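The values are calculated or read from the model by the stated rules, or taken from the named source; none is laboratory data. All values derive from a computational prediction rather than experimental measurement. Here Cβ is always computed from backbone atoms with ideal geometry, including for glycine, and neighbour counts include all displayed protein chains. Keep in mind that these areas ignore ligands, DNA and RNA; they rest on the heavy atoms of the full protein, side chains included. Shrake-Rupley method; radii C 1.70, N 1.55, O 1.52, S 1.80 Å.
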Amino acid sequence: MNEKELYSILGFVKVSKYRTDTLKTIGHTYKMPTEIARETEFKTSQVSTALIDLKKKNLVVCLNEDAKKGRLYRCTELGHEILEHL
């Protein structure tokens, strides 16, 4: 990834406290949206929106997409790279 792309994605994440804190909370672990909401004190709906945004940018991935409850999210390689700059 070139610098321009990196800074574009970094700006996308940093412009939203929800996206920033959601990504930081997941970090190098696996988290469910309810765990993220509890740790960040955000509403679950805010976390869900942030996860959708982060997923669209290939920063997080859902490991069990078919699950109705207990979905687990983790950072992608790109997500880890962005975390290093936050």
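Odds and ends about this structure:
- For Thr22, the stated conditions hold: it is open to solvent by less than 30 Å² (accessible area, probe 1.4 Å) and modelled with pLDDT of 95 or more.
- Selection status of Leu6, under 22 Å from Lys69 (Cα atoms), hydrophobic (A, V, I, L, M, F, W, C) and open to solvent by less than 30 Å² (accessible area, probe 1.4 Å): no
- Total residues in the range 50-64, condition open to solvent by less than 30 Å² (accessible area, probe 1.4 Å) and without any contact (Cβ under 8 Å) to a residue 24 or more places away in the chain: 1
- For the range 19-49, the set of residues classified as of a type outside the set (D, E, K, R) and either closer than 15 Å to Ile82 by Cα or in contact (Cβ under 8 Å) with a residue 40 or more places away in the chain (or both) consists of Thr20, Thr22, Leu23, Thr25, Ile26, Gly27, His28, Thr29, Tyr30, Met32, Pro33, listed by residue number.
- Evaluating Tyr30 against the criteria (1) in contact with a helix residue (DSSP H, G or I) (Cβ under 9 Å, 6 or more places away or on another chain); (2) closer than 17 Å to Cys75 by Cα leaves one unmet condition, (1).
- In the range 65-82, the residue that is farthest from the chain's Cα centre (by Cα) out of those that are farther than 15 Å from Thr34 by Cα and exposed (fewer than 11 other Cβ atoms within 10 Å of the Cβ) is Asp66.
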